[in-house]
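The structure appears below as structure tokens.
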Amino acid sequence: MDKAIIHIDLDTFFVSCERLLDSRLNNRPVLVGGTSGRGVVAACSYEARTFGIHSAMPMKMAQQLCPEAVVIRGDSSIYSKFSNDITDIIKEEAPVYEKSSIDEFYIDVSGMDKFFGSYKWAQELRKKIIKETGLPISFGLSTNKTVSKVGTSEIKPNNHINIPKGFEKEFLAPLLVKKIPMVGDQTNRKLIGLGVKYVKTIQEMPVELMERVLGKNGILIWTKAQGIDNSIVKPYNEQKSISSSLTLEHDTIHVQKLKSILLSMAEKLAFYLRNGNKLTACVTVTVRYSDFDTKTRQKRIPYTSLDHTLIQVVMELFDQLYNRRVLVRLVGVRYSHLISGTYQMRLFEDTAEMIKLYQAMDSMRNRFGQDAITRAAAMDTRGIGQMSNPFNGEPPGIPAHRRI
């Protein structure tokens, strides 16, 4: 059976959400992002892109390039709600789907041509999403995820394309090499330095040469350039989670100690999220008293993986839970409703310096260990919640009931 994979992308998602709320933004250059002097652009409209503006650009520079642009700080809770609405529509209609980020989806419709027609079905789904949400949407259909994703990027905004079986390589050939997923700025510069500008050149190169230049990534890029990608659509599971719980050596009512432990858990779990390129939309805190009475409270939040945001939520939930003057036996933290994603989700709330700080801290932890750097409030809890990356084929969750 031939594979049929749809890639769905919500065009300029943050901007489109803002335009639904305020039609005066239509057809105007719009910047969504940090509004402080050190803020960065999280998203920009196509009108703004004509001025050379792009995401992650310092907001100050973007405003210099386009003084007439409308600047909006952004509200991640609004974007998360729209994303969840679209997920519900796709969940109701699609046989197998993967939510790869807040505004991107893959759908496996292999075999549907026998009954309805994959391309026709995808067009009907697109119409339904536009009708029910008002958001513009583009999609690409092909035999694999790579070609579908590239197809979507080529026909945006608010359009669709079908790349039939056997035409994958021909479709990719005239495109710039940076269009291939996995080719970042550094790899692109290296390839251009070798005289490799278009995908067709890679297609004609021996795979051994690509391996010699880029190592194992060279083989993957060469394979994708041929229009080959055997990766599967991973069924989306909203309940996937990562958690940590700790049974204390001695039951306690020392609130500051309990908060330090929870802070350490929240911080390490956030590090694991970022290492696995994940974002969470739900935080749960558990408190078990010495009489084994167990209380939990959770809160839905905008997608994030940043310590300071998650720690604040964890502390709020603990303050709501801890309402008995009884010794505490166990505390725990869980992040759930995970999707793939990175720092960009909060670019409109955090400065470029903040993002770089997190990247630097994560680099130190990966090199010297998880306790190489931590907040001062968690210094006395080092060693709590140690585990390897749970998103690399290992079971999620930190071993529960570890005693200290």
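Values quoted throughout were computed directly from the atomic coordinates according to the rules given, and no laboratory measurement underlies them. All values reported here derive from a predicted model rather than from experimental measurement. Neighbour counts are summed over all protein chains in view; Cβ atoms, including those assigned to glycine, are modelled from backbone coordinates with ideal geometry.
Side notes on the structure shown:
- Protection proxy ranking of 197-204, 221-228 - average other beta-carbon atoms within 10 Å, highest first: 221-228, 197-204
- Spin-label pair Gln298-Asp22: with each label point 7 Å from Cα along the Cα-Cβ axis, the two points sit 3.4 nm from one another.
- Shown for Ser80, Ser243: other C-beta atoms within 10 Å of each C-beta, ranked fewest to most, produce the order Ser243, Ser80.
- Long-range HN-HN contacts of His160 with modeled amide H, under 5 Å: Phe139
- Extension gain for Lys60 to Lys131 (0.36 nm times residue separation, less C-alpha to C-alpha distance): 21.9 nm.
- Backbone geometry of the range 214-221 corresponds, through the Karplus equation with coefficients 6.51, -1.76 and 1.60 at θ = phi - 60°, to 3J(HN,Hα) couplings of 10, x, 4, 4, x, 5, 5, 5 Hz, x marking Gly and Pro.
- Neighbour counts of other Cβ atoms within 10 Å put Met205, Met210 in the fewest-to-most order Met205, Met210.
- Label-to-label distance for Leu175 and Ile228 is 1.8 nm, based on points extended 7 Å past Cα in the beta-carbon direction.
- Going from the residue with the fewest nearby Cβ atoms within 10 Å to the one with the most, Phe139, Phe14, Phe51 rank Phe51, Phe139, Phe14.
- A Förster radius of 45 Å combined with the Cβ-Cβ distance from Val96 to Glu249 puts the calculated FRET efficiency at roughly 0.45.
- Across the range 326-331, rounded Karplus estimates of 3J(HN,Hα) from the backbone phi angles (6.51 cos²θ - 1.76 cosθ + 1.60, θ = phi - 60°) give 10, 4, 9, 9, 8, 10 Hz, Gly and Pro being marked x.
- Near the amide H of Ser100, within less than 5 Å, lie the amide hydrogens of Phe105, Tyr106, all on another chain or at least 5 residues away, with H placed in the peptide plane.
- 5 angstrom amide H check on Ala42, placed H, neighbours 5+ away: Val32, Gly33, Gly34, Ala56
- Nitroxide proxy distance, nm - points 7 Å out along Cα→Cβ at Ser290 and Glu316: 3.2 nm
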